[in-house]
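No lab work stands behind these numbers, since they all come straight from the coordinates. The structure displayed is predicted, hence computed values, not measured ones. All Cβ positions, even for glycine, are placed from backbone atoms using ideal geometry, and neighbour counts span all protein chains on display.
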Amino acid sequence: MFTRNPEDPASIPGEGEGEGEGEGEGEGEGEGGRAVVRPSSGSGAGLWHAGRMLALIRYSVPPGQTEEFTLRAHEIVDTLAGQPGYVRGRVSRSVDEPELWALISEWEGAGFYRRALGAARMAMYPLMTLMINEPSAFEDVERP
């Protein structure tokens with residue numbers, strides 16, 4: 001994350017678990033008065049990054065496992081909802097491919113999300129074999 005949020009160590013340069021996070025120049029103010037920082041280099045150069053982030057975990061669920069999956073996925077959302085930095089979350093199913101599901105959550109920052117994953121690890125474990133292995137954390141990007 002490029003936002004400096006004192007409650008989210010991953011957003012402070014030199015702290016947290018990010019790859020090159022906090023390296024930037026040109027601070028500004030985003031929607032809602034949140035500070036934003038424009039990165040100076042890399043693939044995100046020239047974009048403005050807001051503090052919030054979206055987590056999208058996709059699952060491929062065989063037809064005979066949908067009921068159990070739905071119960072466990074909602075348990076995961078309930079566990080995540082009790083963690084600091086959680087904004088909202090839901091379980092969704094593809095309209096076009098009924099075996100494709102998503103656990104979607106919104107967070108105040110990447111550090112909050114990463115710590116919440118640790119807290120929800122045991123609830124998430126039974127669904128790991130159904131998880132699609134792909135990046136799941138997406139930061140909000142403001143208009144330049």
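Being in a helix (DSSP H, G or I) and buried (at least 18 other Cβ atoms within 10 Å of the Cβ) is the filter here, so list the residues in segment 80-114 that pass it. So that I can check it myself, show each step before the final result.
Step one: of segment 80-114, the residues in a helix (DSSP H, G or I) are 80-81, 110-114.
Result: L80, A110, G111, F112, Y113, R114.
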Worksheet item: From the set of residues in segment 52-77 that are of a type in the set (D, E) and without any contact (Cβ under 8 Å) to a residue 40 or more places away in the chain, which is surrounded by the fewest Cβ atoms within 10 Å (Cβ to Cβ)?
Response: E67
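Just to be sure, is L117 at negative phi and in a helix (DSSP H, G or I)? Talk me through it step by step, then tell me what you get.
Values: at negative phi: yes; in a helix (DSSP H, G or I): yes.
When the stated conditions are applied, L117 passes them.
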